[in-house]
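Engineer: Below is one structure. I have some questions about it.
The values are calculated or read from the model by the stated rules, or taken from the named source; none is laboratory data. Since the model is a prediction, treat every value here as computed from it, not as a measurement. In this analysis, Cβ positions are derived from the backbone assuming ideal geometry, glycine residues included, and neighbour counts consider all displayed protein chains. When the accessible area is computed, the model is the full protein with side chains, heavy atoms only, and any ligands, DNA or RNA have been set aside. Shrake-Rupley method; radii C 1.70, N 1.55, O 1.52, S 1.80 Å.
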Number of protein chains: 2
Amino acid sequence: MALIVQKYGGSSVADAESIKRVAKRIVDTRRAGHDVVVAVSAMGDTTDELLDLAGQVAPIPAPRELDMLLSSGERISMALLAMAIHSMGFEARSFTGSQAGMITDATHGAARIVDVTPVRLKEALDEGAIVIVAGFQGFNRDTRDITTLGRGGSDTTAVALAAALNADVCEIYSDVDGIYTADPRVVPKARKLDVVTSEEMLELSANGAKVLYIRAVEYARRHGVLIQARSTFSSSVGTYVLGPGMTLPDGEGEEMEEPIVAGVATDLTQAKITVIGVPDVPGKAAEIFKVVAKSGANVDMIVQNVSIGATGRADISFTLPKTDAAAALKALAGDQPEIGFESLVHDDQIGKLSVVGAGMRTHSGVSATLFEALSVSGINIEMISTSEIRISVVLRGDDLAEAARLVHTAYGLDGASDAVVHAGTGR
Amino acid sequence: MALIVQKYGGSSVADAESIKRVAKRIVDTRRAGHDVVVAVSAMGDTTDELLDLAGQVAPIPAPRELDMLLSSGERISMALLAMAIHSMGFEARSFTGSQAGMITDATHGAARIVDVTPVRLKEALDEGAIVIVAGFQGFNRDTRDITTLGRGGSDTTAVALAAALNADVCEIYSDVDGIYTADPRVVPKARKLDVVTSEEMLELSANGAKVLYIRAVEYARRHGVLIQARSTFSSSVGTYVLGPGMTLPDGEGEEMEEPIVAGVATDLTQAKITVIGVPDVPGKAAEIFKVVAKSGANVDMIVQNVSIGATGRADISFTLPKTDAAAALKALAGDQPEIGFESLVHDDQIGKLSVVGAGMRTHSGVSATLFEALSVSGINIEMISTSEIRISVVLRGDDLAEAARLVHTAYGLDGASDAVVHAGTGR
């Protein structure tokens with residue numbers, strides 16, 4: 001008998017039928033002899049609908065009240081889920097974030113978990129009940145106010161509960177049946193990975209893979225929680241995310257050799273800004289990125305062209321989320337006289353392709369394969385950035401899908417048949 | 001400076017526009033120099049929608065989970081209301097039933113308030129904030145679970161807060177601007193009452209007046225809370241509900257003479273069951289009403305016809321809510337052999353008219369006016385029941401409206417002009 005934590009996202013509990021399906025899945029796990037703790041998100045689009053209402057009554061909603069509002073979404077889904085399980089003849093009890101002992105700091109809208117004291121959950125488990133916990137929400141001890149954890153909060157709730165309860169595994173359910181070597185909608189021959197390291201997952205996640213949130217993967221790595229990414233709609237075992245020193249439940253994977261490349265990630269959400277004619281004197285880059293940071297933009301890749309000839313000027317390009325571009329451009333234009341650059345070029349037609357693999361550390365020549373695959377097909381590389389286990393390139397957005405398929409093949413990642421693509425959005 | 005408790009029902013906060021209108025009203029009260037505590041219901045039909053969802057996932061929802069579910073409705077409305085006030089430049093803080101110290105017994109779905117410990121509300125008031133409290137919900141100390149108070153719960157929340165905080169007045173807002181001498185939709189010449197005693201209110205309420213819930217009026221009477229029933233949509237002062245020994249805020253009303261008749265109430269929600277040919281031996285009535293009570297029916301009026309001639313049998317008629325009739329009939333039919341009656345007659349075309357007035361106690365001839373008014377118009381009275389301050393008669397449902405108008409005139413209650421009838425449902 002194991003203790004299993006399961007997390008179901010909004011699309012898994014979008015309506016009464018989905019809730020009953022999830023309830024059956026939970027009951028099946030209980031029937032198999034396991035203790036079950038479930039973290040659940042708000043139903044379907046509830047959170048967006050509540051945000052919309054908030055926007056209608058207040059242009060800038062008070063953060064404390066916004067958290068009070070949003071936290072009601074999970075109360076609805078968790079109570080319905082507990083009822084559905086109850087009506088199948090199993091004892092189930094739902095708990096809010098504060099009842100579950102999810103203690104956070106006081107940062108409304110993006111609270112960090114500082115402690116988990118699941119006293120009531122343990123009592124309920126000891127009494128044989130299935131435990132349902134509201135994802136995404138917590139409680140601050142000093143203000144005694146309700147907080148929310150922000151994006152990916154329910155994944156983090158699940159992993160934090162798994163850590164605090166010393167669970168055997170934390171199953172994160174979505175409408176995708178695991179982590180793929182690439183986005184199956186872009187690369188039809190993408191294969192589901194049985195295992196991925198948490199480092200690889202962090203890079204894949206940051207590069208646009210939407211199955212797991214970075215924050216939850218980081219929490220799991222730090223606290224030694226084994227994550228299993230699975231589909232609500234199939235019985236496939238999904239993908240295990242292994243942290244350092246972790247092993248798979250059946251003892252496999254210990255001697256598993258790390259693959260050189262685990263997957264290829266694609267991202268069309270970034271834009272590129274080029275600052276042209278920056279005076280080639282020390283401190284100019286710092287000036288530029290201080291201005292950009294102040295605009296609230298989250299800069300990803302940065303490339304500085306060498307200063308050509310005797311102009312004494314260089315070009316600096318960087319990528320950032322498309323949604324941050326307008327603010328960054330405005331901020332830069334405002335400080336043009338001080339910085340002394342010549343002009344700004346905004347390009348929102350780029351695509352980013354990343355090759356990720358923990359095995360890269362010990363293998364040379366990995367980047368050559370990437371460049372070769374792209375150059376043979378005449379696809380131009382505009383920017384390059386690398387980390388220990390990742391190589392990312394910026395291309396024309398129109399080239400991204402073809403590039404991903406070529407690179408996927410070049411690294412020998414192609415599966416025998418095309419992957420099944422699900423209709424859902426993954427969240 | 002006074003401390004004012006206000007309660008807004010679901011129709012007053014049905015959408016973003018309504019919430020902003022209520023927020024403005026609250027801010028106006030604060031601007032006038034008063035401390036304000038607000039109890040708010042769930043938006044519009046939220047509670048019914050949640051109940052519908054519950055019915056879809058579980059035929060008989062677990063009561064603990066149903067309360068968890070329903071309590072989310074008020075969290076949404078209170079957070080939105082606090083945001084709206086906040087964005088008008090006033091400090092506002094929302095509190096759940098448990099945060100507000102609304103301690104109840106553990107009866108899910110119909111919890112009774114056992115204590116109110118508004119520590120956090122007092123702190124917030126001391127800091128100059130407007131306090132918004134979720135109506136309808138509480139918290140049980142032993143189970144540490146969330147409870148709901150049942151029908152009319154938000155009115156009760158408001159009155160209980162007013163009692164615990166020693167508020168100067170508890171303003172109950174709805175879409176009706178006070179208590180009327182009759183339902184204006186039935187009797188166009190109905191007048192708004194400036195003052196009504198809580199005893200009269202209890203009788204009017206029980207007889208179908210929908211402005212205030214009996215339970216809240218009783219709580220107010222027991223704890224000396226002055227209720228003012230007002231409209232969200234006008235600035236009319238509404239109607240004060242005076243408990244024993246209470247006076248109006250401006251000292252008026254102390255020497256006010258009680259009117260003989262305060263109002264006329266009409267009710268079309270009852271049905272009549274007649275048990276024909278009941279053996280005229282002791283204990284038969286007890287048998288019948290034991291069976292009816294076991295079916296869950298809530299019996300109102302009872303009349304037993306005298307046993308006629310030598311048959312040794314009598315007829316017993318009683319009224320009950322239409323919705324309870326089927327169950328009561330089934331229960332009686334099942335026990336027909338034991339009870340020994342001859343047959344059952346079900347009549348759901350009745351109407352009930354009640355004349356209510358605290359002054360009846362000291363005045364004779366009040367019932368004569370009623371019977372005279374009806375007999376002149378040839379309206380037949382089928383049943384009669386009286387209390388110290390009320391006379392009720394059962395008539396044909398089709399006659400009810402005409403009867404109400406005639407009786408209203410006969411008691412001199414008619415106003416100079418027709419009352420304004422609002423479109424809303426009163427709840």
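Engineer: Take the solvent-accessible surface of the protein heavy atoms, probe 1.4 Å, and return the percent of it on region B:3-255 that carbon and sulfur atoms account for.
Structural biologist: The C+S portion of the solvent-accessible surface of region B:3-255 is 49 percent.
Engineer: Quick one: grab the alpha carbon gyration tensor of region A:323-398, order the square roots of its eigenvalues as a ≥ b ≥ c, and give me rounded if a/c is under 1.5, else prolate or oblate depending on whether a/b is larger than b/c.
Structural biologist: Judged from the Cα gyration tensor, region A:323-398 comes out prolate (a/c at least 1.5, a/b above b/c).
Engineer: Can you give the accessible area per residue of the protein assembly as shown, in Å², using a 1.4 Å probe? Each step should come with its number before you reach the end.
Structural biologist: Working: 35170 Å² over 854 residues.
Spelled out: the 1.4 Å probe surface of the protein assembly as shown, per residue, equals 41 Å².
Engineer: Net charge within 12 Å of residue B:406 by Cβ-Cβ distance, Lys/Arg positive one each and Asp/Glu negative one each, not counting residue B:406 itself?
Structural biologist: Net local charge, residue B:406 excluded: -2.
Engineer: Helix A:153-164 versus the longest principal axis of chain A: what is the Cα-based angle in degrees, 0 to 90, to the nearest 10?
Structural biologist: The answer is roughly 60 degrees.
Engineer: While we're on this one: Note every residue of region A:47-63 with a reduction of at least 50 square angstrom in accessible area, all protein chains present versus the isolated chain, computed with a 1.4 Å probe, or write none.
Structural biologist: A:53, A:57
Engineer: Using a label point 7 angstrom from Cα along Cα-to-C-beta, what distances in nm, from shortest up, separate residue A:2 from the other copies?
Structural biologist: 6.5
Engineer: Threshold 50 Å², probe 1.4 Å: give the residues of region B:112-157, in number order, that are less accessible with all protein chains present than with their chain alone.
Structural biologist: Residues of region B:112-157 that lose at least 50 Å² of accessible area once the other chains are added: B:120, B:144.
Engineer: Indicate the gyration tensor shape class of the protein assembly as shown (rounded, prolate or oblate), computed on the Cα atoms with a ≥ b ≥ c the square roots of the eigenvalues: a/c under 1.5 is rounded; otherwise a/b larger than b/c is prolate and the rest oblate.
Structural biologist: It is prolate, given that a/c is not under 1.5 and a/b is the larger ratio.
Engineer: Among the DSSP beta bridges whose two residues both lie in region B:3-255, what percent are antiparallel, rounded to the nearest 5?
Structural biologist: Percent antiparallel among DSSP bridges in region B:3-255 is about 25.
Engineer: Under the classification rounded if a/c is under 1.5, otherwise prolate if a/b is larger than b/c and oblate if not, where does region B:67-146 fall, given a ≥ b ≥ c as square roots of the Cα gyration tensor eigenvalues?
Structural biologist: oblate
Engineer: Right, next: Using the Cβ atoms and a cut-off under 15 Å, what net charge is assigned to the surroundings of residue A:279, where Lys and Arg are +1 and Asp and Glu are -1?
Structural biologist: Here the charged neighbours net out to -4.
Engineer: What is the local net charge at residue B:25, summed over the other residues whose Cβ is closer than 11 Å to its Cβ (Lys, Arg +1; Asp, Glu -1)? List each step's numbers first, then the result.
Structural biologist: On the way: positive: B:20, B:21, B:24, B:30, B:31, B:230; negative: B:28, B:171.
Net charge around residue B:25: +4.
Engineer: When each copy gets a label point 7 Å from Cα toward the beta-carbon at residue B:361, what are the spacings between them in nm, shortest first?
Structural biologist: From this label point to the equivalent ones elsewhere in the assembly: 8.8 nm.
Engineer: Something else now. Helix-only mean residue ellipticity at 222 nm, the protein assembly as shown, DSSP H runs n ≥ 4 weighted -39,500 (n - 2.57), per residue, nearest 500. What is it? Walk me through the numbers before you get to the answer.
Structural biologist: On the way: 24 runs with 282 residues, N = 854.
Per the formula, -10000 deg cm²/dmol.
Engineer: To continue, here is another question. If amide H atoms are built 1.01 Å from N in the plane of the peptide, which residues on other chains or at least 5 residues away come under 5 Å of the amide H of residue B:94?
Structural biologist: B:132
Engineer: May I ask you to report, in nm to one decimal and beginning with the shortest, the distances from residue B:289 to the same position in the other copies, taking label points 7 Å along Cα-to-Cβ?
Structural biologist: Output for residue B:289: 8.5 nm, nearest copy listed first.
Engineer: Now for a different question. Quick one: which residues, 5+ away or cross-chain, put their amide H under 5 Å from the amide H of residue B:172? H built at 1.01 Å from N.
Structural biologist: Those lying under 5 Å, H to H, from residue B:172 are B:7, B:228, B:229, B:230.
Engineer: Could you name the residue in chain B with the C-beta closest to the rotation axis that superposes chain B on chain A, along with the separation in whole Å?
Structural biologist: Spelled out as residue then distance in Å, it is B:72, 2.
Engineer: Right, something else. Rounded to whole Å, give me the distance from the Cα center of region B:136-159 to that of region B:330-381.
Structural biologist: Spelled out, the Cα-based centre of one part sits 36 Å from the other.
Engineer: From zero up to wherever the largest Cα-Cα distance of region B:50-185 sits, split into 5 Å bins and tell me the percent of pairs in each.
Structural biologist: 2, 10, 17, 20, 19, 14, 10, 6, 2, 0
Engineer: Can you list the trypsin sites (Lys or Arg not before Pro) in region B:117-183 that are in a DSSP coil and have 16 or fewer other beta carbons within 10 angstrom?
Structural biologist: Counting only loop positions with at most 16 other Cβ atoms within 10 Å, the trypsin sites (Lys or Arg not before Pro) in region B:117-183 are B:141, B:144, B:151.
Engineer: To the nearest 10 degrees, how steep is helix A:63-86 against the longest Cα principal axis of chain A, on a 0 to 90 scale?
Structural biologist: Helix A:63-86 and the main axis of chain A meet at about 50 degrees.
Engineer: Please compute the contact order of chain A in relative form: average sequence separation of alpha-carbon pairs under 8 Å and at least six residues apart, divided by the residue count, as a percent. Let's see the in-between values first.
Structural biologist: Working: 933 pairs, mean separation 61.9, N = 427.
Reported as a whole number, the value is 15 percent.
Engineer: Give me the percent of DSSP beta bridges within the protein assembly as shown that run antiparallel, rounded to the nearest 5.
Structural biologist: 60 percent
Engineer: Here's a follow-up. Show which aspartates and glutamates lie in cross-link reach of residue B:192 when reach means a straight Cα distance below 12 angstrom and same-chain residues fewer than eight apart are skipped.
Structural biologist: B:177, B:183, B:414, B:418
Engineer: Interface A/B, total buried accessible area with a 1.4 Å probe, nearest 100 Å²?
Structural biologist: Answer for the A-B pair: about 3400 Å² buried.
Engineer: Sticking with this structure for a sec: Please determine, in degrees from 0 to 90 and to the nearest 10, the orientation of helix B:214-223 with respect to the longest principal axis defined by the Cα atoms of chain B, where the helix direction is its Cα long axis.
Structural biologist: Relative to chain B, helix B:214-223 is tipped by roughly 60 degrees.
Engineer: Moving on. Distance from a point 7 Å along Cα→Cβ of residue B:144 to each backbone N in region A:122-145: keep the residues under 12 Å and list them by number.
Structural biologist: Residues A:122-125 qualify, since their backbone N sits under 12 Å from the label point.
Engineer: Beyond a 18 Å Cα-Cα separation, which of these cross-linked pairs lie in this structure: A:294/A:322; A:272/A:330; A:272/A:322; A:189/A:322?
Structural biologist: Values: A:294/A:322 16 Å; A:272/A:330 14 Å; A:272/A:322 8 Å; A:189/A:322 29 Å.
A:189/A:322, as the Cα separations exceed 18 Å there.
Engineer: Here is a follow-up. Residue B:222 versus residue A:293, label points 7 Å from Cα toward the beta carbon: distance in nm?
Structural biologist: That separation, rounded to one decimal, is 6.2 nm.
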